[in-house]
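Enquirer: My questions will all concern the structure given below.
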Amino acid sequence: MNPEKIAQLKEQDRSLIWHPFTQMQDYQAMDPLIVERAQGVYLYDLEGKAYIDGISSLWVNVHGHQKEAVDQAIQDQLKKVAHSTLLGIGNVPSIKLAQALLKIAPSNLARVFYSDSGSTSVEVALKMAFQYWQSLGKKQKTKFICLENAYHGDTLGSVSVGGMELFHEIFRPLLFETILIKDFSFKQAKVLFEKHAFETAACIVEPLIQGAAGMRLMPEGFLSHLRELCDQHGVLLICDEVATGFGRTGKMFAVEHEKVKPDLLCLAKGISAGYLPLAATLATEEIFQAFLGRHEEFKTFFHGHSYTGNPLACAAALANLKIFEEEKVLEALTEKIQVLEQGLQDFLKHPHIKEVRQKGLMAGLELIKDKKTGEAFLASEQMGAKVCYAARRHGALLRPLGDVLVLMPPLGISTETLKELLNILWKALEETLPS
Ligand SMILES: Cc1ncc(COP(=O)(O)O)c(C=O)c1O
């Protein structure tokens, strides 16, 4: 692309687009990175510079970009129908995908409700849980138990059950109240269930690892503890696997690590291999049955989005699952996870790395100003962002969560490229914060 065209596109990007989760005052003052194409785990900008996609294009990409089987599946579907609604009628890829998802999901789940983002998959689960109890006549069960530092998306329902001050506080007057478990406390969870179960519809949790909170690891057994408390007290368990689903933690779903069966399971991001917006909320037959009745009973679930069950996205998702099976993607992860684990150990020696946290191919490295005193960097120093900009110069695309450097490469990354990604991060760290 010629330099004038590149300059024009960059100018239009700065002047026309309002980028999400981005301080536009800073953005407008900088040279933006505009992706033009991608291949495998590499993204290419307008100038043709290559970057390792170190965060899977915001945790969505699974097998790499331009994966032939996914490209082909979308093209094949395009020759049939690009979109048709699921409101009152069906389409072929959504049926096949429902079957494929239920085959790999926990065995108690029996029904698939489609939507189009992680946030909507959570919104759907919350409303289903709420209406389920209303239908059963337990009108007082209107509340939700959730976790401190949780992140479940940006729509108002999902923000309500979130627990991240930075993102959520400003919207507090618009949100419904929740019951918050702090510090992954087993004891507090028990006390809160005992006190509030009678008025609680569901407990919602990101299984094993809170991604957006900075890759915060849950203590072992906490997820099964929540399952037990839900069972004991008649509360539904919603597991939000929007980030952890589709292999990120080393198993297809994170709940498998503790053999937990949720009543509602939220899936998005990696579901379509990171190609198209698609989400699904999986429910038990028991929940589904509570919504059945004569029309005039109005037990219908009055919720649905225009692109619900989009055939192109479902075709991509089917191809995604086929690749998992045919290329034995989960089996191949063991070695990659080990390489990441070993590589991260070296970072611990760095004077400005406080902690590394990892589950599968999800990792967070927490920066610290002074290890001895425990002093953190000021938010205004934007140290996480600075390290990521340095990584960008060295050919890796990363996006921090505050002062937590996030690594979440596509599952399809090779061990060599994974090592290269770690090398780039080390270089970026040394350049920004010399040891
Ligand atoms: C656990 C979890 N739930 C929900 C969401 C929201 O997903 P989306 O951005 O697709 O709405 C995210 C996004 O990062 C997430 O990590």
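The values are calculated or read from the model by the stated rules, or taken from the named source; none is laboratory data. Every value quoted in this text rests on a predicted model; they were computed, and no experiment measured them. FYI the Cβ positions are ideal-geometry reconstructions off the backbone, even for glycines, and counts take in every protein chain you see.
Enquirer: Do you know which of the residues in the range 212-234 that are among the charged types (D, E, K, R) and part of a helix (DSSP H, G or I) is farthest from H63 (Cα to Cα)?
Expert: Applying the first criterion (among the charged types (D, E, K, R)) to the range 212-234 yields 216, 220, 227-228, 231.
Imposing the further condition that a residue be part of a helix (DSSP H, G or I) reduces the set to 227-228, 231.
On the way: R227: 32, E228: 35, D231: 37 Å.
Here the residue is D231.
Enquirer: Going by what's in this entry, would R37 be described as among the basic types (K, R), farther than 30 Å from A150 by Cα and either more than 16 Å from the ligand (Cβ to nearest atom) or assigned to a helix (DSSP H, G or I) (or both)?
Expert: Numbers: among the basic types (K, R): yes; farther than 30 Å from A150 by Cα: yes; either more than 16 Å from the ligand (Cβ to nearest atom) or assigned to a helix (DSSP H, G or I) (or both): yes.
Spelling it out, R37 is indeed among the basic types (K, R), farther than 30 Å from A150 by Cα and either more than 16 Å from the ligand (Cβ to nearest atom) or assigned to a helix (DSSP H, G or I) (or both).
Enquirer: Right, something else. Regarding M1, is this residue farther than 30 Å from H303 by Cα, in contact (Cβ under 8 Å) with a residue 40 or more places away in the chain and more than 23 Å from the chain's Cα centre (by Cα)?
Expert: Values: farther than 30 Å from H303 by Cα: yes; in contact (Cβ under 8 Å) with a residue 40 or more places away in the chain: yes; more than 23 Å from the chain's Cα centre (by Cα): yes.
Taking the combined requirement at face value, the residue satisfies it.
Enquirer: Here's a follow-up. Go through the range 268-289 and give me each residue that's among the β-branched types (V, I, T) and more than 13 Å from the chain's Cα centre (by Cα).
Expert: So the first thing to find is which residues in the range 268-289 are among the β-branched types (V, I, T), and the list is 271, 281, 284, 287.
The answer is T281, T284, I287.
Enquirer: For the range 66-97, name all the residues that are more than 19 Å from D116 (Cβ to Cβ) and touching a helix residue (DSSP H, G or I) at 6+ places or on another chain (Cβ under 8 Å).
Expert: Of the range 66-97, the ones more than 19 Å from D116 (Cβ to Cβ) are 66-69, 71-72, 75-76, 79-80.
Within the range 66-97, K67, A69, Q72, D76, K80 meet the criteria.
Enquirer: Could I ask something else about it? Quick check on my filter: what residues within the range 1-19 are under 23 Å from G395 (Cα atoms) and part of a loop (DSSP other than H, G, I, E, B)?
Expert: Passing the criteria: M1, N2, H19.
Enquirer: Looking at the range 266-286, is at least one residue within 23 Å of V191 (Cβ to Cβ) and within 16 Å of the ligand (Cβ to nearest atom)? Steps first, answer last, please.
Expert: Here is the first cut: in the range 266-286, the ones within 23 Å of V191 (Cβ to Cβ) are none.
No - not one qualifying residue is present in the range 266-286.
Enquirer: Of the residues I413, I424, only one is crowded, with 18+ Cβ neighbours inside 10 Å and either assigned to a helix (DSSP H, G or I) or assigned by TED's automatic domain parsing to the domain that holds G247 (or both); which?
Expert: Values: I413 fails: either assigned to a helix (DSSP H, G or I) or assigned by TED's automatic domain parsing to the domain that holds G247 (or both).
From the options I413, I424, the qualifying one is I424.
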